[in-house]
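Encoded as structure tokens, the structure appears first; notes follow it.
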Amino acid sequence: MSPQTFDVIVIGAGPAGEVLAGRLADKGYDVAIVEAELVGGECSYYACMPSKAFLRPAQALAEARRVPGAAQAITGSLDVAAVLDRRDAIVGHLDDTGQLPWLESRGIELVRGHGRLEGERTVRVGPDLYEARRAVVIAVGSAAALPPIPGLSGAAPWTNREIVTTEQIPGRLIVLGGGVVGVEMADAFTSLGSRVVVIEAGQRLLSREEPFAAEELRAALSKRGADIRLGVRAEQVERNNGVVRVLLSDGTSIEGDEILVAIGRRPLTRELGLETVGLAPGRFIRVDDRLRVRGVPWLYAIGDVNGRSLLTHVAKHQAYLASEAIDGIEHVGSGDDDGAPRVIFTEPQIAAVGLTLQHALERGLNARAYDVPSSGTAGASFHGRNTTGTSRIVVDEDGRVVVGATFTGSDVAEWLHPATIAIVARVPIERLRDAVPAFPTRSEIWLKLLERREAELAAESHATVALAA
């Protein structure tokens, strides 16, 4: 039989693949999308969505307890069974039927099975061959990486998939890794009743973020009962009679009922047939700023698989950029550089975009940071008393623009988009002063940050004049 032909074939129906296929179909292209598992991908079923379903109930309860009047109405604790039921509803009980009408309404052909390249513009799915007239796009995503720790692979470790689909909350949970997945799951399972120990080889959590943010989160997790071990490594793991035992580099050991591995991701490129087009299997796929694979102009790679930024919203933006490129439209900006926002949905939340102060200084910028308490607005008084957190902007004083922002506190994720716009658009700092926030809202945090900068610069100017006199 001759191969079935489409304009574009997309391998992977996660967020990136779906967005790309939808945009191209809306432009009039004949599109097929190949998926071996669930339409919607890792984020919908095993990552972003179920993890937030675990985190939100405790945060909502804590917020209600901070507000007089509401606090008096709270009489119970978290209903774990109800949390699990809500998680199941959010992930569609691991059934992607609800995702299919979106594809069908756009005329996108769904091919079930494992897709792999078989030479130029050709994809094999089982016994069937498919050819692309214009482009093939790889959007298969990533999976949890397992470090080569002796005994780990034989100890039935959990990854993000097992922990977010569990039907039982373990009494004791060991978490390897203090990155985003590690701290979010430590927070969630502490609130659900587990005794959690986090093992992080570095000297702090969340090494990419501002040190103050990492410390505020560490203190909050510790206060809620999590045991945070920094500067130690897991050197050996074993499971006997259902109990996991981890030997640490400081000579101590810990025991738990389950162990979560959250130390990084690997691209799902080993079984994609990359070798048939001259690429190395098992690695991230290098692309240019139009998301085309270097040296293979008809092949694109978007989302986690290209390793540029392992964030769902960035993957969706890359899908937009690739759809424009395939359609012959030039677009400036990759969306996966300093302008990519990021949120850790813990309590306190950590929302950041752009450069930290240290990263800005390392780039040679004349950068300064300005900090205010996240609760330091009139609007914050209605959001709950006694909330902790810090808000920071990092300003390039030579360019007079914001190059980074970090917010910690309760529900600060929604503060992030104005900061992203300011950084991406390089809005002059003086112009930001004319963007008047409404009273009484928490958005006044921007006014407080700009006033802090003005006050610090004025004080330095006065001090300089005084010394000169």
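Overview of values
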item	result
Segment 25-95, accessible surface, carbon-and-sulfur percent (1.4 angstrom probe)	55
Reference-scaled alpha-carbon Rg (2.2 N^0.38 Å with N residues) for segment 248-313	1.61
Eligible aspartates and glutamates near LYS223 by straight Cα distance, threshold 16 Å, same-chain separation 8 or greater	GLU184, ASP187, GLU215, GLU347
Kirkwood hydrodynamic radius (C-alpha pairs) into Stokes-Einstein, segment 179-222, 4 °C and 1.567 mPa s, D in µm²/s	120
Mean separation of Cα contacts under 8 Å (6+ apart) over length of segment 1-45, as relative contact order %	47
Rg followed by Dmax, in Å, when segment 70-199 is reduced to its Cα trace	21.0, 67
With Cα atoms, 0 to 90° folded angle of helix 312-326 axis to the chain main axis	50
Folded to 0 to 90 degrees: helix 15-26 orientation relative to the chain principal axis, Cα	60
Relative contact order of segment 243-325, pairs being alpha-carbon contacts under 8 Å that are 6 or more residues apart, as %	18
Stokes-Einstein D in µm²/s, Kirkwood radius over Cα pairs - segment 285-392 at 20 °C with 1.002 mPa s viscosity	128
Helix axis angle, 211-223 relative to the chain longest principal axis, alpha carbon, degrees	90
Share of carbon and sulfur in the accessible heavy-atom surface of segment 124-211 [1.4 Å probe, %]	53
Segment 378-419 - accessible surface per residue (Å², probe 1.4 Å)	38
Cα extents of segment 360-403 along the three principal axes, largest first (Å)	40, 17, 10
Whole-number accessible area per residue in Å² for segment 1-146, which is evaluated in the context of all protein chains at 1.4 Å	45
At 1.002 mPa s and 20 °C, Stokes D of segment 359-436 from Kirkwood alpha-carbon radius, µm² per second	159
Kirkwood-based Rg to Rh ratio, the chain, C-alpha trace	1.00
Paired Rg and Dmax values of segment 183-256, which use every Cα atom, in angstrom	13.0, 41
For segment 180-186, Karplus couplings with θ = phi - 60° (6.51, -1.76, 1.60), whole Hz, Gly/Pro x	4, 4, x, 6, 5, 6, 4
Ellipsoid equivalent to segment 241-286 - semi-axes via the Cα gyration tensor, in Å	38, 13, 8
Amide H contacts under 5 Å for VAL198, placed H, 5+ residues apart	VAL175, ASP227, ILE228, ARG229
Helical contribution to [θ] at 222 nm, DSSP H n ≥ 4, -39,500 (n - 2.57), averaged over the chain, rounded to 500	-9000 deg cm²/dmol
³J(HN,Hα), Karplus 6.51/-1.76/1.60, whole Hz, each residue of segment 159-167, x for Gly, Pro	10, 4, 5, 5, 6, 7, 10, 4, 9
Hz values of 3J(HN,Hα) by residue in segment 359-375 - Karplus curve (6.51, -1.76, 1.60), Gly and Pro given as x	5, 5, 5, 5, 7, x, 7, 7, 9, 9, 10, 10, 10, 9, x, 5, 8
Contact order relative to length of segment 1-98, as percent, for alpha carbon pairs under 8 angstrom and 6 or more apart	25
Packing-based ranking, highest mean first, of 451-461, 9-19, 244-254 given that Cβ atoms within 10 Å are counted	9-19, 244-254, 451-461
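The values are calculated or read from the model by the stated rules, or taken from the named source; none is laboratory data. The structure presented is a predicted model; accordingly, all values stated were derived computationally and were not measured. Because the Cβ atoms are built from the backbone with ideal geometry, glycine has one as well, and the counts that use them run over all protein chains shown. What goes into the accessible areas is simple: the full protein's heavy atoms, side chains included, and nothing from ligands, DNA or RNA. Shrake-Rupley method; radii C 1.70, N 1.55, O 1.52, S 1.80 Å.
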